[in-house]
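To keep things clear, I will list the structure first and then write my remarks on it.
The values are calculated or read from the model by the stated rules, or taken from the named source; none is laboratory data. This is a predicted model, so every value here is computed, not measured. Glycine gets a Cβ as well: all are built from the backbone with ideal geometry, and neighbour counts include every protein chain shown. Surface accessibility is based on the protein's heavy atoms, side chains included, excluding ligands, DNA and RNA. Shrake-Rupley method; radii C 1.70, N 1.55, O 1.52, S 1.80 Å.
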Amino acid sequence: MLSTGMEAPAFSLRSDTGETVRLESLRGRKVVLYFYPKDDTPGCTVEACEFRDNWKAVQKTGAALFGVSPDQVASHQKFKKKFDLPFPLLADPDHAVAEQYGAWGEKSFLGKKYLGILRSTFIIDEQGKVARIFEKVKPKGHAAEVLEALR
């Protein structure tokens, strides 16, 4: 189980632009990874749009912000364009990175259990250590919580 102070798991994921984003290349910057279940669904849209609406404030902190979901790059491209999202979305289709971060697990809906993304956010410090973990994230108001933690 990942906890604050631990080395953040390395990752290499394709972004909506097709570029590969590697955690190691972001050393020296704070990094926000927010894991969300699915592009263009109600809660995920609220969360993404709140980050979009607070983008200038996020930029002022110097942090790099990434949304991560199991969706494919093409889905991310449509979602990003539809809602004019200014930050990269990373594709984790085999949910390997989500698993490393503890953001993949058992969920239930209408009494049915299944595996999926556990909505959570990780702030990684400039040295690559986990500085803050947000679990069981509620989409509304989450961007403000993250901004407060970055300041």
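Only one of 146, 130, 137 is buried (at least 18 other Cβ atoms within 10 Å of the Cβ) and either in contact with a His (Cβ under 7 Å, 6 or more places away or on another chain) or part of a loop (DSSP other than H, G, I, E, B) (or both). Can you tell me which? Step through it out loud before you land on a result.
Working: 146 fails: either in contact with a His (Cβ under 7 Å, 6 or more places away or on another chain) or part of a loop (DSSP other than H, G, I, E, B) (or both); 130 fails: either in contact with a His (Cβ under 7 Å, 6 or more places away or on another chain) or part of a loop (DSSP other than H, G, I, E, B) (or both).
Only one candidate passes the filter, namely 137.
Which pairs do you get when a residue that is hydroxyl-bearing (Ser, Thr, Tyr), found in the range 55-77, comes within reach of a residue that is crowded, with 19+ Cβ neighbours inside 10 Å, reach meaning Cβ atoms under 6 angstrom, with the pair 6+ apart or on two chains?
Taking only residues 6 or more apart or on different chains, the pairs are 69/36; 75/39.
With the requirement that a residue be of a type in the set (Gly, Ala, Ser) and either buried (at least 16 other Cβ atoms within 10 Å of the Cβ) or over 20 Å from residue 28 (Cα atoms) (or both), what does the range 55-81 give you? Full working, then the answer.
Quick first cut of the range 55-81, residues of a type in the set (Gly, Ala, Ser) only: 57, 62-64, 67, 69, 74-75.
Residues satisfying the conditions are 63, 64, 67, 69, 74, 75.
Output the residues belonging to the range 32-87 that are in contact with a Cys (Cβ under 7 Å, 6 or more places away or on another chain) and among the aromatic types (Phe, Trp, Tyr). Full working, then the answer.
So the first thing to find is which residues in the range 32-87 are in contact with a Cys (Cβ under 7 Å, 6 or more places away or on another chain), and the list is 36-38, 83.
The answer is 36, 83.
Of all residues being open to solvent by 70 Å² or more (accessible area, probe 1.4 Å) and not charged (D, E, K, R) in the range 3-30, which is farthest from residue 124 (Cα to Cα)? Just the residue, please.
Out of the qualifying residues, it is 17.
Among 101, 114, which is hydroxyl-bearing (Ser, Thr, Tyr) and more than 27 Å from residue 24 (Cα to Cα)?
Values: 101 fails: more than 27 Å from residue 24 (Cα to Cα).
The match here is 114.
If you check residue 38 against the conditions, is it outside any helix (DSSP H, G or I) and open to solvent by 70 Å² or more (accessible area, probe 1.4 Å)? Spell out how you get there, then give the answer.
Details: outside any helix (DSSP H, G or I): yes; open to solvent by 70 Å² or more (accessible area, probe 1.4 Å): yes.
Criteria met by residue 38.
Return yes or no: is residue 67 within 10 Å of the chain's Cα centre (by Cα) and either part of a loop (DSSP other than H, G, I, E, B) or of a type outside the set (A, V, I, L, M) (or both)?
On the way: within 10 Å of the chain's Cα centre (by Cα): yes; either part of a loop (DSSP other than H, G, I, E, B) or of a type outside the set (A, V, I, L, M) (or both): yes.
It is true that residue 67 is within 10 Å of the chain's Cα centre (by Cα) and either part of a loop (DSSP other than H, G, I, E, B) or of a type outside the set (A, V, I, L, M) (or both).
In the set 114, 101, which member is touching a Ser or Thr at 6+ places or on another chain (Cβ under 9 Å), farther than 15 Å from residue 47 by Cβ and surrounded by 14 or more Cβ atoms within 10 Å (Cβ to Cβ)?
Details: 114 fails: surrounded by 14 or more Cβ atoms within 10 Å (Cβ to Cβ).
Just one listed residue meets the conditions, 101.
Do you know which residues across the range 22-49 are under 17 Å from residue 91 (Cα atoms) and of a type in the set (A, V, I, L, M)?
Passing the criteria: 23, 31, 32, 33, 48.
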